[in-house]
Amino acid sequence: MAKRIIKDERIKEIIKNISQDFRHSNELDDYALLFYKYENDDTIRGNDIDKMIEYCTTGLTELHKDLAWRQQYLGENPQMKETQLLENMFTIEQEYKELLAFLQKS
């Protein structure tokens, strides 16, 4: 069984950030539960590694797709400025890339 031991505080922070995003949107789907599970654990095991890789890969793809949803999101959340949204998207992209690099280590 494959496993990744989390020693890097940055990786722990990224997992907590993703968990917080799920909490903010009150999500309880499989991905949300996956990140909640590892929020305070130092070892990611087995198929959960593949599921996290899938989540991050899909997330990166979605970030780079047509950004028509951005206009809709900004319309629904007038308190958020477009520059703030772009900064958030850049942060998310960097976190996904860092987590992917960690998870894909041999």
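Listed by chain and number, the lysines placed with their C-alpha closer than 26 angstrom to that of Lys65 are Lys16, Lys51, Lys81, Lys97; residues fewer than eight positions away on the same chain are left out.
Note on Gln71 and Ile53: the model spin-label points, each 7 Å out from Cα along the C-beta direction, lie 3.8 nm apart.
Length gained on full extension, Lys81 to Thr43, computed as 0.36 nm times the residue gap minus the Cα-Cα distance: 9.9 nm.
The local environment of Leu85, defined by Cβ-Cβ distances under 13 Å, has a net charge of -2 under the rule Lys, Arg +1 and Asp, Glu -1. Given +1 at the Cβ of Lys and Arg, -1 at the Cβ of Asp and Glu and no other charges, the dipole of the chain around its Cα centre is 320 debye to the nearest 20. Among the GluC sites (Glu not before Pro) found in the range 1-30, those both in a DSSP coil and sparsely packed, with 16 or fewer other Cβ atoms within 10 Å of their Cβ, are Glu27.
Karplus-based coupling profile of the range 35-44, in residue order and whole Hz: 6, 4, 4, 9, 4, 10, 10, 9, 9, 9, with θ = phi - 60° in 6.51 cos²θ - 1.76 cosθ + 1.60 and x standing for Gly or Pro. Relative to the compact-globule estimate of 2.2 N^0.38 Å, the Cα radius of gyration of the range 3-103 comes out at 1.12.
Bear in mind that the values in this text are calculations on the coordinates, not laboratory data. Everything quoted here is computed from the prediction, not taken from an experiment. Every residue, glycine as well, gets a Cβ built from its backbone with ideal geometry; the counts of neighbours run over all protein chains shown.
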